[in-house]
Amino acid sequence: PFDVLIVGGGPAGAAAAVYAARKGIRTGIASERFGGQVLDTLGIENFISVKETEGPKFALALEEHVRNYDVDIMNLQRAKALKRGTGLIEVELESGATLKAKSVVISTGARWRNINVPGEKEFKNKGVAYCPHCDGPLFKGKRVAVIGGGNSGVEAAIDLAGIVKHVTLVEFDSKLRADEVLQRKLRSLPNVNVILNAQTTAITGDHTVNGLDYQDRATGDTRHVELEGVFVQIGLVPNTEWLKGSVDLSKYGEIVVDAKGQTSVPGVFAAGDATTVPFKQIIIAAGDGAKAALGAFDHLIRS
Ligand code: FAD
């Protein structure tokens, strides 16, 4: 069996693998797609000490760093269940195999919910964005829309209003769902307007985004807003469906972890976007992965 088995090969999993391997213990990492969300990222400018890089380049660097150590890398492997065996933890893979380990670090990440309208896919990274912390500065002086009036949408609109020229917040419902304190802050900003009852029907563009179409749900009229960017903020979904019933999850499906990354199951740790850790970012996920691996090591020397 592995001493530490990591499930998920994004920044959190890669950091966990390096930290575990450096303890000289038997380490494995199984992931569907080594690199994770970073593979879909164009530019990265906020990983401290790396002024700027590209997602695929960063993903390759993660893998090279892990390969520098004695780590069993199992790529293209999707986990489907976690079980407590006799003394060991078992991770079942969709391939049919079962991996056994004394401790596990889960770092299966998350995915942004798509709005699924024409233009979204075509203009991804060409005006369509999901992460204001990551891509906000790219729209300095430009007009953007934020789709979604929950907490993340309203937070994004407030954040972006300080960077971009103008923000249009588009909400499907007849009211915003964000906390009142956020809504109050939003209303105080001069360069934000809110459109309620609006169903986004298309993101338009040429080579890059030039507007957004929506249907006014009260009148049925179709309207167009001219702008240069669209931030889709209708939810970040943790990749934890496979853990339902085995590990405690929050109401959003995030793995509940303590300060050491320990989950509700002894010996099972978790890190990164899949967990309740606030703020989903590469540097945070990487730090979190290191922490969970050290948590797992601490667990091993005590049991
Ligand atoms: P992920 O990167 O999501 O990795 C999850 C890993 O788990 C993957 O290897 C995946 O294949 C694997 N996996 C999932 N399910 C299973 C399963 N059942 N079995 C086995 N493996 C599984 N952050 C920044 O800091 N700066 C940026 O500029 C930035 N830009 C971004 C741009 C885009 C378009 C996106 C989508 C995100 C961006 N982010 C950025 C956010 C950042 O990518 C994430 O916070 C970070 O990747 C989270 O790392 P993670 O290791 O927790 O999860």
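The values are calculated or read from the model by the stated rules, or taken from the named source; none is laboratory data. Because the structure is predicted, anything quoted here is derived from the model rather than measured. Positions of Cβ are generated from backbone atoms using ideal geometry, with glycine treated the same way; all protein chains shown enter the neighbour counts.
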Margin query: Kindly evaluate ASP135 against the criterion of being more than 13 Å from the ligand (Cβ to nearest atom) and either acidic (Asp, Glu) or touching a residue at least 60 places away in the same chain (Cβ under 8 Å) (or both).
Written below: no
All conditions in (1) touching a residue at least 24 places away in the same chain (Cβ under 8 Å); (2) surrounded by fewer than 19 Cβ atoms within 10 Å (Cβ to Cβ); (3) among the small types (Gly, Ala, Ser) are true of GLY229 except (2)
For ASP3, the lone unmet condition from (1) closer than 18 Å to HIS299 by Cα; (2) among the acidic types (Asp, Glu); (3) in a helix (DSSP H, G or I) is (3)
Checked region 74-99 for anything surrounded by 15 or more Cβ atoms within 10 Å (Cβ to Cβ) and closer than 19 Å to THR27 by Cα; matches are MET74, GLN77, ARG78, ALA79, LEU82, LEU88, ILE89, GLU90, VAL91, GLU92, LEU93, LEU99
From the option list GLY55, GLY162, single residue qualifying as without any contact (Cβ under 8 Å) to a residue 40 or more places away in the chain, among the small types (Gly, Ala, Ser), out of contact with any Pro (no Cβ under 6 Å at 6 or more places or on another chain) and within 28 Å of ILE6 (Cβ to Cβ) is GLY55
Conditions (1) of a type in the set (Ser, Thr, Tyr); (2) closer than 24 Å to VAL38 by Cβ; (3) more than 16 Å from the ligand (Cβ to nearest atom) -> SER303 fails only (2)
In this structure, does ILE25 turn out to be crowded, with 17+ Cβ neighbours inside 10 Å, more than 9 Å from the ligand (Cβ to nearest atom) and not in a loop (DSSP other than H, G, I, E, B)? no
Within region 41-56, restricting to residues that are surrounded by fewer than 13 Cβ atoms within 10 Å (Cβ to Cβ) and at negative phi, the one that is nearest to the ligand (Cβ to nearest atom) is GLU45
Across (1) buried (at least 16 other Cβ atoms within 10 Å of the Cβ); (2) over 18 Å from the mean Cα position of the chain (by Cα); (3) free of Cβ contacts under 8 Å to residues at least 40 places away in the same chain, VAL257 clears everything bar (2)
Just one listed residue, out of VAL194, VAL181, VAL146, VAL170, is free of Cβ contacts under 8 Å to residues at least 24 places away in the same chain and of a type in the set (A, V, I, L, M), and it is VAL181
Quick check: is even one residue across region 78-86 among the hydroxyl-bearing types (Ser, Thr, Tyr), within 11 Å of the ligand (Cβ to nearest atom) and either part of a strand (DSSP E or B) or modelled with pLDDT under 95 (or both)?
no
Residues of region 100-123 being without any contact (Cβ under 8 Å) to a residue 12 or more places away in the chain and either near the ligand (Cβ under 9 Å from one of its atoms) or of a type outside the set (S, T, N, Q) (or both), in sequence order, are LYS121
Scanning region 57-77 for residues that are within 12 Å of the ligand (Cβ to nearest atom), of a type in the set (A, V, I, L, M) and not in a strand (DSSP E or B) gives ALA59, LEU62, VAL66, LEU76
Reported set for region 125-151 where residues are in a helix (DSSP H, G or I), buried (at least 21 other Cβ atoms within 10 Å of the Cβ) and of a type outside the set (D, E, K, R) is PRO132, PHE139
Looking across region 132-149 at residues that are among the small types (Gly, Ala, Ser) and closer than 27 Å to LYS175 by Cα, the single one that is farthest from the chain's Cα centre (by Cα) is ALA145
